[in-house]
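Just so it is clear, none of the values below were taken in a lab; they were calculated from the coordinates. Predicted model only: the values in this text are computed from it and were never measured. A quick note on method: Cβ atoms are made from the backbone with ideal geometry, for glycine too, and the neighbour counts reach across all protein chains shown.
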Amino acid sequence: MKRKLRMGMVGGGNNAFIGAIHRNAAFLDNHIELVCGCFSTNPEICLESGKSYYLPESRIYKSYQEMFEREVQLPENERMDFVSIVTPNLHHYEPAIMALERGFHVVLDKPMTYSLEEAKKLKAKVDETGLVLALTHTYSGYPAIKEAKVRCARGDFGQIRKVYVEYPQGWLSKRIELQSGNNAGWRTDPKRSGKAGGMGDIGTHAWHLAEYVSGLKVTELCAEIKAFVPGRPIDDDGAALLRFNNGATGVLMASQVAAGEANALKIRVYGENGGLEWHQQEPNTLTLKWGDRLAETLSIGSNAFMSKEALFYTRTPGGHPEGYIEAFANIYRNFALTVQAKIAGEQPNPQWLDFPDVNDGLRGMQFIETVVKSGYENSVKWTEWVE
């Protein structure tokens, strides 16, 4: 008999934004329950958070090292099955490696690691253990994006020629990292975020969406990145020209100083016969454009116009929004179904495997490495993808 998966958490205390998002998403389909965690490096916040999540004190740990050592000693029917790691980038690699070495599956926030070198080691460990690692590139979980991917893959638009993706935010238009009460501090500190700031934080989302929807791979790019806000030591804005493996070209833009914007992620893909357009702020609408007829507006919902692949991710009738939590939950659901199948000694349904994994994480770190290399050379120069 299948059972709920038992989840541990590293990070995600009640003073953190993204932890609650992960928990809400993980619990939505009733496949997962929280059983333990180390929720903060602050002992008081950690204990208070764990209690507010209705955990016994014996399963609220002072460090993730203690959590992994104690959990692996518990009986198999009690210990956690996987860990969700929701910490600053600097603290992704070590807990993920420790979890895999002790037989625990992993869900990890993006970007996957602090550096490309860490990403390569983490992929090697996943390959060695055969365990499952999911990466929360959230936007790939939207039903409209699943539909867009299917339509590109089956050739509705002919050969893909152009991909435009942009992700403007405005929340870092001022140097708010010098204030308290926000998470801008670590995101704008290269010692904690890694080589890239905005390009690592949201540029990786834009890059992943471009490859996921188009089905293509970036092979070269030419970038400009900079910090607009005086005194900020890491990029808060950038753009890149892209070359793809089929000869298509594209443009990626990511900015955290586009004052007045929230999360205005947008993608457009064009082939020889037509194209598509999707805006994250109107997630239930997919626009299809044609060279020989009028454009179509596809409203996402349980309707006959959608592919069976996209319908698998659709939770509500047409006219009811499929939102951010649901997109997050689609990643957790596929991850959970895959892990449950592995525990049962069964082959996962191929559709369940449609979630960002360690290979996407490695390519994300390759994107960061390449865009920083190109952007800081301060010249118009194409840079081959850093392997």
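Here are the numbers for this structure:
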| read-out | value |
| --- | --- |
| Point-charge dipole on Cβ atoms (K/R +1, D/E -1) for segment 1-149, about Cα centre, debye to 20 | 360 |
| Virtual spin-label span in nm between residue 41 and residue 305, 7 Å along Cα→Cβ | 5.0 |
| Sequence-distant residues sharing a close amide H with residue 161 (under 5 Å, placed H) | 270, 271, 272 |
| Using a Förster distance of 30 Å, the FRET efficiency for residue 14-residue 262 (Cβ separation, nearest 0.05) | 0.80 |
| Qualifying chymotrypsin sites (Phe, Trp or Tyr not before Pro) in segment 309-387, DSSP loop, other Cβ atoms within 10 Å at most 14 | 382 |
| Cβ-based charge dipole, the chain, positive-most Cα from 318, 294, 24 | 294 |
| Cα-centre dipole for the chain with unit charges at Cβ (Lys and Arg positive, Asp and Glu negative), debye to 20 | 220 |
| Unit charges on C-beta of K, R, D, E only; dipole of segment 129-243, Debye | 160 |
| Theoretical gain in end-to-end length, residue 241 to residue 376 [0.36 nm per residue, Cα-Cα removed] | 47.1 nm |
| Estimated FRET transfer efficiency when R0 is 56 angstrom, pair residue 183-residue 293 (beta carbons, to 0.05) | 0.75 |
| Gap separating the Cα centres of segment 1-62 and segment 255-324, nearest whole Å | 33 |
| For the chain, calculated [θ]222 nm from helices alone, where every DSSP H run of n ≥ 4 adds -39500 (n - 2.57) | -9500 deg cm²/dmol |
| Proximal charge balance of residue 195 [Cβ under 10 Å; K/R count +1, D/E count -1] | -1 |
| Where labels lie 7 Å past Cα in the beta-carbon direction, separation of residue 192 and residue 228 in nm | 2.4 |
| Proxy reagent accessibility, fewest Cβ within 10 Å first, across 39, 17 | 17, 39 |
| ³J(HN,Hα) computed for each position of segment 173-185 - Karplus, 6.51 cos²θ - 1.76 cosθ + 1.60, integer Hz, glycine/proline x | 5, 10, 7, 6, 5, 7, 9, 9, x, 8, 9, 6, x |
| From phi via Karplus (6.51, -1.76, 1.60), per-residue ³J(HN,Hα) for segment 161-167 in Hz, x at Gly/Pro | 10, 9, 9, 10, 9, 9, 9 |
| Which of 81, 235, 156 has the fewest Cβ neighbours within 10 Å, and the rest in rising order | 156, 81, 235 |
| Gain in span if fully extended, residue 251 to residue 65, counting 0.36 nm per residue against the direct Cα distance | 62.7 nm |
| Residue-by-residue Karplus 3J(HN,Hα) for segment 275-289, coefficients 6.51, -1.76, 1.60, Hz, glycine and proline x | x, 9, 8, 9, 10, 4, 7, 10, x, 8, 10, 10, 9, 10, 10 |
